[in-house]
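Below: one structure, written as structure tokens.
The values are calculated or read from the model by the stated rules, or taken from the named source; none is laboratory data. Everything numeric in this text was worked out from a predicted model, so none of it was measured.
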Amino acid sequence: MSSITIKDVPDRLLERLRRRAQADKRSMNREAIHLLDLALTNQSFDQGVGGKSRDIEDQIQAWRRLAGQWDSDLDTTAEIEQIYAARTPGRRVDL
């Protein structure tokens, strides 16, 4: 099996890895491999064009398709005011 060396790991990151390994009852090496595997197999981490995640790239493409499609007789300021006026205040949340 191959090996890698990771240099210049920030102290805070190393401590977080150490705590997580301990909580998961793994060695730091096994925990690092486990986390790398999770990150690299998770679809949201797959890279698309220019290093952006696919989700971000898909969103950009959707906005580009919509660009220029908005049709209104109102000027921008009036349109924005109308949108804000139509919003509901939302539900009450006790924090």
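Provide a single number: the residues in the stretch 1-44 that are of a type in the set (S, T, Y) and not in a loop (DSSP other than H, G, I, E, B). Give the steps one after another, and end with the answer.
Pass one, the stretch 1-44, residues of a type in the set (S, T, Y): 2-3, 5, 27, 41, 44.
Those left that are additionally not in a loop (DSSP other than H, G, I, E, B): 41, 44.
The qualifying residues number 2.
The test for being among the basic types (K, R) and modelled with pLDDT of 90 or more does not hold for R92.
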